[in-house]
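Presented below is the structure to which this report refers.
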């Protein structure tokens, strides 16, 4: 082989690795946690069984998070009648008054939860980057982890597939 092939293969492998990191598809059990919403509602993972759920870790100071939020709202509205739930988890550094103001101003139709000490982020695999989105199937398995803004076309394809599955 030519000497230049090896560096090209290394670059290609790195690019593939980055793509896999951005939208990892795997199957693992959702951690047994409880979300507490800005309205004081407590939602356990068990309460979500039978639904396809999107859990989005975000922050009001995250430009990508704010930019993707209208598409998350649109996705929620598109699939909610078919057993789809969305929970937006505000990161621990996000002041609660900022989260409340943003949720109210944006009229977020889905559940918004606080993670005041970072327990939820830790339970979901030490989430540190925002946005980080998880898709959970009807059986409670995490089937996708997306770091950064999702490709919404691919996300919708995955949701269609998971919503069609038996619970």
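For the range 17-36, how many residues are within 16 Å of the chain's Cα centre (by Cα) and at pLDDT below 90?
Adding up the residues that qualify gives 11.
Kindly provide the set of residues from the range 153-167 that are over 12 Å from the mean Cα position of the chain (by Cα) and either at pLDDT 95 or above or buried (at least 17 other Cβ atoms within 10 Å of the Cβ) (or both), ordered by number. Before the answer, list the steps.
Pass one, the range 153-167, residues over 12 Å from the mean Cα position of the chain (by Cα): 153-154, 156-167.
Across the range 153-167, the qualifying residues are 153, 154, 156, 157, 158, 159, 160, 161, 162, 163, 164.
So residue 11 passes all but one of these: (1) surrounded by 11 or more Cβ atoms within 10 Å (Cβ to Cβ); (2) modelled with pLDDT under 95. Which condition number does it fail?
Answer for residue 11: the failing condition is (1).
For residue 138, state whether it is over 15 Å from residue 67 (Cβ atoms), more than 14 Å from the chain's Cα centre (by Cα) and without any contact (Cβ under 8 Å) to a residue 12 or more places away in the chain.
On the way: over 15 Å from residue 67 (Cβ atoms): yes; more than 14 Å from the chain's Cα centre (by Cα): yes; without any contact (Cβ under 8 Å) to a residue 12 or more places away in the chain: no.
Answer is no for this residue.
All but one of (1) farther than 21 Å from residue 42 by Cβ; (2) surrounded by fewer than 21 Cβ atoms within 10 Å (Cβ to Cβ) hold for residue 132, so report the exception by its number.
Going through the list (1) farther than 21 Å from residue 42 by Cβ; (2) surrounded by fewer than 21 Cβ atoms within 10 Å (Cβ to Cβ), residue 132 breaks only (2).
Could you pull out every one of the strands (runs of 3 or more DSSP E) wholly within the range 37-122 that has 1 or more residues that are modelled with pLDDT of 95 or more and exposed (fewer than 14 other Cβ atoms within 10 Å of the Cβ)?
On the way: elements: 42-44, 52-58, 84-90, 111-114.
Correct list: 42-44.
So which residues in the range 135-151 are buried (at least 17 other Cβ atoms within 10 Å of the Cβ) and in a strand (DSSP E or B)?
Within the range 135-151, 135, 136, 142, 143, 144, 145, 146, 147 qualify.
The values are calculated or read from the model by the stated rules, or taken from the named source; none is laboratory data. If you're wondering where the values come from, they're calculated on a predicted model, not measured in any experiment. Because the Cβ atoms are built from the backbone with ideal geometry, glycine has one as well, and the counts that use them run over all protein chains shown.
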